[in-house]
Amino acid sequence: MEKPLHILGPQFSTFVRSVQLCCEEKGISYTLGTTFGEQTVSFGDGSLFEFHPFGKAPVVIHNDRRLFETASICRYLDTAFDGVDLQPGSALERADVDQWASGLSLYVDRVLVRSYLLEFAFPKGADGNVNAAAVQAAEPEVIKLLGLLDKELGAKPFFRTEHFTIADAILIPMLDYLEKLPHSARLFAEQRYLLPYLNRIRQRPSANVVLG
Ligand SMILES: N[C@@H](CCC(=O)N[C@@H](CS)C(=O)NCC(=O)O)C(=O)O
């Protein structure tokens, strides 16, 4: 008998949210959280290495198999489950979504999340405050990257195609956190398409559940 699918990781994680968005879009039933069976995981204490060779989240556990890497997990969900397709049908269009799923997970995550957003979530400045110098140093790169994403998106309804894909699932949680920063207006000031896109996706039932 099929065992329920579990998304292992904290719900605040952008990558956990990407996997959750795919489940919600496809109507896959799942459980989510940092506990699986008797084991509870958290960042920084090595516990994730029990599930993930590099000690990261998310991990998806399905039918006693464990899968890591958000883009691979999302592709698996799309292939193994019924529901709307989260990847285009043609080989070239599918490769386009794939390359962006990787690029977003690697390069965009590094600039938007690791070098910038995490400083607000887990400040490393004096007395537990945000390290203003680090934020200031990282900001030009954030704005430049948003410009690149804005150009790639253009007037399309979704990031790569006419439909919601895995690339949207990976990008949206990052943009959502960025837009919620008190000073986000200056980050998005020069972008024409990103905020309308984000707000359109926020209207979807999946985003309502995942982004809160
Ligand atoms: N390439 C991985 C990245 C996963 C990742 O960096 N996850 C973050 C949470 S958003 C994490 O586990 N951070 C904890 C750490 O690096 O110790 C993926 O696509 O799943």
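Please treat every number below as a calculation from the coordinates, not as lab data. On a predicted model such as this, the values are computed, not experimentally measured, just so you know. As a convention, Cβ positions derive from the backbone with ideal geometry for all residues, glycine included, and neighbour counts pool all protein chains shown.
Rounded to the nearest whole Hz, the Karplus-based 3J(HN,Hα) values (6.51 cos²θ - 1.76 cosθ + 1.60, θ = phi - 60°) of segment 120-136 follow the sequence 7, 6, 9, x, 10, x, 4, 6, x, 8, 5, 7, 4, 5, 5, 5, 4, with x at glycine and proline. Sequentially through segment 172-185, phi angles give Karplus couplings (6.51, -1.76, 1.60; θ = phi - 60°) of 4, x, 5, 5, 4, 5, 4, 5, 7, 5, x, 9, 4, 4 Hz, Gly and Pro residues having no value and appearing as x.
Couplings 3J(HN,Hα) for segment 85-99, derived from phi with the Karplus relation 6.51 cos²θ - 1.76 cosθ + 1.60 (θ = phi - 60°), are 6, 9, 9, x, x, 7, 4, 5, 5, 5, 5, 4, 5, 4, 5 Hz, where x marks Gly and Pro. Residues whose amide H falls under 5 Å from that of residue 59, counting only those 5 or more places apart or on a different chain, are 8, with hydrogens built in the peptide plane.
Each residue, residue 129 and residue 180, gets one label point 7 Å from its Cα in the Cβ direction; the gap between the two is 2.4 nm.
Descending by average beta-carbon neighbour count within 10 Å, the peptides 88-98, 8-18, 59-69 line up as 8-18, 59-69, 88-98, the highest first. Shape class of segment 5-80 from the alpha-carbon gyration tensor: prolate, with a/c at 1.5 or above and a/b greater than b/c. Over the residues of the chain, the helix contribution to mean residue ellipticity at 222 nm works out to -14000 deg cm²/dmol, using -39500 (n - 2.57) for each DSSP H run of at least 4.
Go ahead and run the numbers for FRET between residue 145 and residue 95, Cβ-Cβ distance against an R0 of 25 Å, rounding to 0.05. FRET efficiency, residue 145 to residue 95: 0.65. For segment 54-198, the gyration tensor built on C-alpha atoms gives an oblate shape. Its axis ratio a/c (a ≥ b ≥ c) is at least 1.5, and a/b is not larger than b/c.
In this rough spin-label picture, where each label sits 7 Å from Cα along the Cβ direction, the residue 192-residue 43 distance is 3.6 nm. Taking the chain as the region of interest, the number of lysine pairs whose Cα atoms are within less than 30 Å, with members eight or more places apart or on different chains, is 15.
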